[in-house]
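Down below is the structure, laid out as structure tokens.
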Amino acid sequence: MTACHQEKNLIVTITLLFAFVTNNASAGANELMQPIKQKAESTVKKPRIVFLITKDTNNYEAHNTVPRLAEILTKEYGYEAIVLLGTGDHGSYSYPSLEARSGADLLVDFERRFSLPHEQMNAIKTYLSKGKPLIGIRTANHAFSVSGKVEDGFEDWPAFVADFLGCENRGYGPDKPGYDVTLVAEAASHPIVKGLQTKQWHSKGSIYKVAPLLDKEATVLLMGKVNDLVEPIAWIRTAGKSRVFYISMGYPDDFQTPHFITLLTNGIKWAMDKKE
């Protein structure tokens, strides 16, 4: 074999050897990187939603309906949904580890006429002072408006309704007939109502009297009608820098209605969407 042929064979051998080493090194690097990628994916922070609920005879079984909603939000939408059910009477109510939930990305309130320990009420006020979003369901429009005695070490917050929900609790409509829910035409393109399969349906229970809203700039999404009584039942507004979505529906039957679940899931996404 000539020197020229030997030189060519050597070049080919070196080239093949380099390709083999490079490919194996690349594969090894990929294998080494795989745990790192998996760890990075596992440490991605899920949006955290904290629900504050109460269990009493007039709070529409929130202790049954909200945990089921939280399960949907966790399994189908990838949120970290935490449901806090407290203990105590209206004048002395407290939640487990509420102060530790300061990392919440969204607070959802569905409680009725309860006071809280000073530190827990301060935690909620601090959360809202940072411009974080809020969603109120049904009885949130008198969430911290205690009608009886507030015990020592606890506090109520009647101004919460006007300051953050932009409304006033003016009583109730008739109970038995329920009311018709209608989409406001001017709001049909809003992300919260987008995707609704119908523009009108019937809801059981009484309608809340809130008209006229205290916030004249609020965007009303849904109206309710029973007999001659017509009331806003869902709207959005801005309180300080906080996005607020309130809906006065919330009977157990509402949670069985796809339209209501769509409203809540859309509302949650809208409330936390800083780009929208």
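Values quoted throughout were computed directly from the atomic coordinates according to the rules given, and no laboratory measurement underlies them. Owing to the predicted nature of the structure, the values given are computational and were not obtained by experimental measurement. A quick note on method: Cβ atoms are made from the backbone with ideal geometry, for glycine too, and the neighbour counts reach across all protein chains shown.
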ask   = In sequence order, what are the phi-derived ³J(HN,Hα) couplings for segment 169-182 according to the Karplus relation 6.51 cos²θ - 1.76 cosθ + 1.60 with θ = phi - 60°, rounded to whole Hz, with x for glycine and proline?
value = 7, 10, x, 9, x, x, 8, 5, x, x, 7, 8, 9, 10
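Please compute the length gained on full extension between Glu168 and Lys149, using 0.36 nm multiplied by the number of residues separating them and subtracting their Cα-Cα distance. Before the final figure, lay out the partial values.
Numbers: separation 19, 0.36 × 19 = 6.84 nm, distance 2.13 nm.
Between Glu168 and Lys149, full extension yields an extra 4.7 nm.
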ask   = For a label point 7 angstrom out from the Cα of Lys204 toward its Cβ, which stretches of segment 218-259 have the backbone nitrogen within less than 20 Å?
value = 224-227, 248-259
remark   = Among segment 146-176, those whose backbone N falls under 11 Å of a label point 7 Å along Cα→Cβ from Asn227 are 173-176
ask   = Which FRET efficiency value, to the nearest 0.05, is calculated for Asp175 and Val44 with the Förster distance at 51 angstrom and r the Cβ-Cβ distance?
value = 0.65
message = Can you list residues from other chains, or at least 5 along the same chain, whose modelled amide H is less than 5 Å from the amide H of Leu222?
response = Val184, Ile233, Ala234
task = Provide the net charge surrounding Gly91, with neighbours chosen by a C-beta distance below 15 Å and charges set as Lys +1, Arg +1, Asp -1, Glu -1.
result = -4
task = Go ahead and run the numbers for FRET between Ser97 and Arg68, Cβ-Cβ distance against an R0 of 25 Å, rounding to 0.05.
result = 0.70
ask   = Once Rh for segment 124-177 is found with the Kirkwood sum over Cα pairs, what is the Stokes-Einstein diffusion coefficient at 4 °C and 1.567 mPa s, in µm²/s?
value = 100 µm²/s
query = How much length is gained if the chain between Ala185 and Lys130 is pulled fully straight, taking 0.36 nm per residue apart and subtracting their Cα-Cα distance, in nm to one decimal?
reply = 16.5 nm
message = Considering only C-alpha atoms, what is the centroid distance from segment 170-195 to segment 95-157, in Å?
response = 26 Å
